[in-house]
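The values are calculated or read from the model by the stated rules, or taken from the named source; none is laboratory data. What you see is a predicted model; the values in this text were computed from it and never measured. For neighbour counting, all protein chains shown are included, and Cβ atoms are generated from backbone atoms with ideal geometry for every residue, glycine included. Ligands, DNA and RNA are excluded from the accessible area calculation, which covers all protein heavy atoms including side chains. Shrake-Rupley method; radii C 1.70, N 1.55, O 1.52, S 1.80 Å.
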Amino acid sequence: MARYTGPKTKIARKFGEPIYGDDKSFEKRNYPPGQHGLAKKRGKKSEYAVQLMEKQKAKYTYGILERQFRNLFEKATSSKGVTGEVLLQLCERRLDNVVYRLGISGSRSGARQLVSHRHITVNGEIVNVPSFQVKPGDVIAVREKSKSLQVIEQSLASNSNVYEWLTWNNDTLEGNFVTIPERTQIPENINEQFIVELYSK
């Protein structure tokens with residue numbers, strides 16, 4: 001199962017924002033990585049560089065590697081609707097992302113691990129594929145044997161995020177994927193149009 005396992009703070013500093021969530025190291029050094037840090041003179045980025053940066057940011061944010069991301073783009077292109085918006089909706093519908101949004105895990109990488117280790121069910125069936133596409137009406141829950149896991153309890157206790165397209169029952173540890181989110185409901189700071197322009201070249 002391919003995924004990025006390198007230093008996360010360095011990537012967040014590259015984009016100038018904490019794309020992996022709260023990060024004390026990023027807060028201390030929120031300038032680009034490298035020997036010269038802030039002192040390094042950076043010229044105006046080319047149009048291609050800006051587009052590439054946006055694509056990389058989206059990939060790192062959702063924890064998707066190039067081939068998978070490209071496949072999602074092609075799927076978005078052949079779907080009805082605005083390609084960039086559909087692309088982000090497909091990313092949001094990934095099971096690992098939904099588990100993260102529901103607060104079962106404090107990070108997408110942690111959510112990916114919970115899914116891979118068979119702690120999550122969809123409509124009562126165990127699903128261990130992080131890229132599984134969740135559909136409106138699907139019920140995402142913590143497996144019965146896993147409900148007492150400390151990492152899940154801690155994450156749910158500290159979660160305060162509420163999303164309009166999801167519902168959560170803290171008593172049964174079940175969530176419902178109500179509907180596909182609109183672009184305005186997706187909080188990620190990503191300019192999807194740049195990604196579409198890059199792939200369309």
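Numbers for the structure displayed
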item	result
Given charges at beta-carbon only (K, R positive; D, E negative), |dipole| of the range 138-201 in Debye	200
Karplus-derived HN-Hα couplings along the range 88-99 (A = 6.51, B = -1.76, C = 1.60, θ = phi - 60°), whole Hz, x at Gly and Pro	5, 5, 5, 5, 5, 7, 4, 4, 4, 5, 5, 4
Selected from 65, 103, 79, residue furthest toward positive end of dipole (the range 37-121; charges at beta carbon)	65
Farthest toward positive dipole pole in the range 53-201 [+1 Lys/Arg, -1 Asp/Glu at C-beta], among 121, 198, 134	198
Using a Förster distance of 41 Å, the FRET efficiency for residue 167-residue 68 (Cβ separation, nearest 0.05)	0.90
Nearest-20 debye value, the range 52-101 charge dipole, Cβ charges on Lys, Arg, Asp, Glu	60
Unit charges on C-beta of K, R, D, E only; dipole of the range 92-201, Debye	340
Which of 72, 65 is most accessible, then next, and so on - probe 1.4 Å	65, 72
Qualifying trypsin sites (Lys or Arg not before Pro) in the range 91-163, DSSP loop, other Cβ atoms within 10 Å at most 13	118, 147
GluC sites (Glu not before Pro) within the range 94-201: DSSP coil, no more than 16 neighbouring Cβ in 10 Å	164, 182, 188
